[in-house]
1. Mind checking which residues of region 203-215 are over 7 Å from Asp187 (Cα atoms), within 16 Å of the ligand (Cβ to nearest atom) and open to solvent by less than 10 Å² (accessible area, probe 1.4 Å)?
2. Looking only at region 219-278, count how many residues are of a type in the set (Ser, Thr, Tyr), within 15 Å of the ligand (Cβ to nearest atom) and more than 22 Å from Asn209 (Cα to Cα).
3. For the structure I just gave you, tell me whether Phe303 is more than 16 Å from the ligand (Cβ to nearest atom) and closer than 20 Å to Ala125 by Cα.
4. Somewhere in region 295-305, is a residue over 30 Å from Phe9 (Cα atoms) and either touching a residue at least 40 places away in the same chain (Cβ under 8 Å) or of a type in the set (Ser, Thr, Tyr) (or both)?
5. Mind checking which residues of region 201-219 are of a type in the set (A, V, I, L, M, F, W, C) and assigned to a helix (DSSP H, G or I)?
6. For Glu215, all conditions in the list (1) touching a Leu at 6+ places or on another chain (Cβ under 9 Å); (2) at negative phi hold save one; what is the number of the exception?
7. Could you pull out the residue among Tyr19, Tyr66, Tyr32 that is surrounded by fewer than 17 Cβ atoms within 10 Å (Cβ to Cβ) and either of a type outside the set (A, V, I, L, M, F, W, C) or modelled with pLDDT of 95 or more (or both)?
Amino acid sequence: MLIHHIETFPLFYRLPKPYGDANGMKMYRTSYLIRITTDAGVEGWGECADWLPTLHKGFRERIIPYLIGKPIVDRSQLVLTLNKWHSRAAAAVSMALTEILTKSSGLSVCDLWGGKYREKVPVYASFQSYSEEPDWQKCSLGAIEKVVAEGFNKIKVKIGGKSIAEDQQHVLSVQALLQGSIDLALDANQSYDIAAVIEWQSLLRKWPNFLWMEEPLQMKRIAEYVMLRNRLSVPLAGGENIEMAADFIPLLSEHALDFITPDPMHVTGIDVYRETLRFARNFGIRATPHVYDGALTRLYALFAQACLEPWSKMGADSIEPVEWDVMENPFTQLISVQPSNGEIAIPRGIGTGTEINLELLEFYQWDGSSYV
Ligand code: MG
């Protein structure tokens, strides 16, 4: 079976109310979907995210001409080649080829990956806590209240974008709202040095419901992570921007983190993503996927988590949660799979067991402008 043609679907949505984290405000959301069709008429979808003009030119002028006529079964070689050109494009192609392979074999993605350990996977509500509103903390608390009412029992808020005093005031207000009944992760997006993290220590000790502190330091500071891990009362998490599975090895072998947070779109393909999860299991370190961009990518992260062995013998919570972006983002609806009581029921059926919403693709199609 050969690749016959590839369609591309660049999507763009300008946010009416920007939101953000320690890296700054987000003014828009984008997504880039591809549909690969074989000479036998089997279709597979893939997804990536980057600056749309770059992705579009790359697919049109280099990636698509290269892939046309290539055998589906050469998936690893094709993805490896594309990885040298654009790793996120490689991730999209790896998803599409995986779906084609499953459909042509009459299997689900989870069947191909050895079968599910569980029918449901927990998700946590992930916030971009900062806004341009005069009282950003009040807006954040209102948004948290809403998702708790919807049934989420784990959330993540941002720190590191304001002064430590202001961020701590926010976290204390969040804790007062949650009353210890909801688990809470903090994400600093690599904003701090060790002295700044230590300023959080007394607050972190007061509450038993902290899930983890994410990327307090630059990820290259492995020795400092090891030091922090020995001093802090909460687990440490990180690694969402790492592209190569091998680059997780120093973090794992030094035991610098309690959780790695690989992203199936940032590593070089869905197979490499699964290797990364296996690495973590072999080192006895947990893996909680980062999936901020992309409903299809998140679905693959959920499949991988469903097929991952438990990290311990400690019961129902022995599978780590997947990130669920709860900020305004119409691309969340591209796939009908949505959480209920903080969990996702893994879709059954051949391939991904779900369909991409073609009307949404049409409605949010990028107009080709350079949107800055
Ligand atoms: Mg993060």
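1. First, the residues of region 203-215 that are over 7 Å from Asp187 (Cα atoms): 203-212.
Okay, now just the ones that are also within 16 Å of the ligand (Cβ to nearest atom), so 210-212.
Selection gives Trp212 alone.
2. 0
3. Numbers: more than 16 Å from the ligand (Cβ to nearest atom): yes; closer than 20 Å to Ala125 by Cα: yes.
Spelling it out, Phe303 is indeed more than 16 Å from the ligand (Cβ to nearest atom) and closer than 20 Å to Ala125 by Cα.
4. No, that holds for no residue.
5. Hits for region 201-219 are Leu203, Leu204.
6. (2)
7. Result of the check over Tyr19, Tyr66, Tyr32: Tyr66.
Residues are listed down the side, and each one gets a yes or a no for (1) open to solvent by less than 60 Å² (accessible area, probe 1.4 Å); (2) at pLDDT 95 or above; (3) more than 16 Å from the ligand (Cβ to nearest atom); (4) within 25 Å of the chain's Cα centre (by Cα):
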position	(1), (2), (3), (4)
Ala125	yes, yes, no, yes
Ser131	yes, yes, yes, yes
Pro134	no, no, yes, no
Ser140	yes, yes, yes, yes
Lys154	yes, yes, no, yes
Ser181	no, no, yes, yes
Leu186	yes, yes, no, yes
Ala195	no, yes, yes, no
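The values are calculated or read from the model by the stated rules, or taken from the named source; none is laboratory data. Note that the structure is a prediction, hence the values are computed from the model and not measured. Methodologically, a virtual Cβ is constructed for each residue, glycine included, from the backbone with ideal geometry; neighbour enumeration extends over all protein chains shown. Surface accessibility is based on the protein's heavy atoms, side chains included, excluding ligands, DNA and RNA. Shrake-Rupley method; radii C 1.70, N 1.55, O 1.52, S 1.80 Å.
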